[in-house]
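Written out below as structure tokens is the structure these notes cover.
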Amino acid sequence: MTTHIDKWTQFLSFIISQLPRDIDPQLLEYYLKDPVEISEKLREIFKYKETKSKSVLESYPIVVDYHAVIEPLLEWGNYDWISPLINSANFPSTREGIVSTTFHLFSPTKELETKHILTEFDKEGLRAAELRELLAFRTQHRKVAQALPIAALGSLLKDRTLKINSPFSVFIGDEHYLGLESISGLWHPMWCFGGVPKTIHTEIARRATAA
């Protein structure tokens, strides 16, 4: 069965494959500095319109080790590029145990602010996924939604400019990237967001404590 996210992935892959390889480097640099203009051009091409259609939630089982430090998880994920700010010091574990749960992919059909995405999760009995849950999903379901950026709004980091960022993962071609994205402003419908149940499904193990 072809899912909404599969269609997005196929569509984005097609668009990337059709881009000319001889674009003037100065033109590329111009659009990189002014992404709003290229976004407006794309909206015009595809006649983008706001819609009130229900956003899509797709579910995948995952096992999360909340004891794990970040660095080994990054190695297992075979990432080609990782933001230097994504490490154990900036994202310490706030939970315990090795847990079997469900990772829900929320795919909005219109632009939303972060607070509205969190509200949608809450309506479904979910909370925003954290970094370890995103890493578990990407490792255990590597082929799902590869071309779509997936953000984990449950883990936030304030940078030197006081901007609040969320981790996200995306495949660009065959390369896997793990970066940070500001949570301010509107999120474009190309973004997906991870969510997990507020109540843990099954705890597989808990770290032993000293007597």
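Between a residue in the stretch 82-107 that is more than 15 Å from residue 156 (Cα to Cα) and assigned by TED's automatic domain parsing to the domain that holds residue 199 and any residue that is among the small types (Gly, Ala, Ser) and not in a loop (DSSP other than H, G, I, E, B), which pairs come within a Cβ distance under 6 Å, given they are 6 or more apart or on different chains?
If the second residue must be among the small types (Gly, Ala, Ser) and not in a loop (DSSP other than H, G, I, E, B), the pairs left are 98/205; 102/59; 103/194; 104/59; 104/195; 106/195.
Select, from 68, 89, the only residue that is loosely packed, with under 14 Cβ neighbours inside 10 Å and small (Gly, Ala, Ser).
Values: 68 fails: loosely packed, with under 14 Cβ neighbours inside 10 Å.
The unique qualifying residue is 89.
Kindly provide the set of residues from the stretch 105-162 that are in a loop (DSSP other than H, G, I, E, B) and within 14 Å of residue 187 (Cβ to Cβ), ordered by number. Break it down into steps so the answer makes sense when it comes.
First, pick out the residues of the stretch 105-162 that are in a loop (DSSP other than H, G, I, E, B): 108-111, 124-125, 129-130, 141-149, 152-156, 159-162.
Those that are in a loop (DSSP other than H, G, I, E, B) and within 14 Å of residue 187 (Cβ to Cβ): 108, 109, 110, 111, 148, 149, 152, 153.
Can you confirm whether residue 63 is aliphatic (A, V, I, L, M), closer than 23 Å to residue 193 by Cβ, exposed (fewer than 15 other Cβ atoms within 10 Å of the Cβ) and modelled with pLDDT of 85 or more? Lay out the reasoning, then the answer.
Details: aliphatic (A, V, I, L, M): yes; closer than 23 Å to residue 193 by Cβ: yes; exposed (fewer than 15 other Cβ atoms within 10 Å of the Cβ): yes; modelled with pLDDT of 85 or more: yes.
It is true that residue 63 is aliphatic (A, V, I, L, M), closer than 23 Å to residue 193 by Cβ, exposed (fewer than 15 other Cβ atoms within 10 Å of the Cβ) and modelled with pLDDT of 85 or more.
Is it fair to say residue 206 is basic (Lys, Arg) and at pLDDT 95 or above? Lay out the reasoning, then the answer.
On the way: basic (Lys, Arg): yes; at pLDDT 95 or above: no.
The answer is no for residue 206.
The values are calculated or read from the model by the stated rules, or taken from the named source; none is laboratory data. This is a predicted model, so every value here is computed, not measured. Cβ coordinates were reconstructed from backbone atoms using ideal geometry, including for glycine residues, and neighbour counts include every protein chain displayed.
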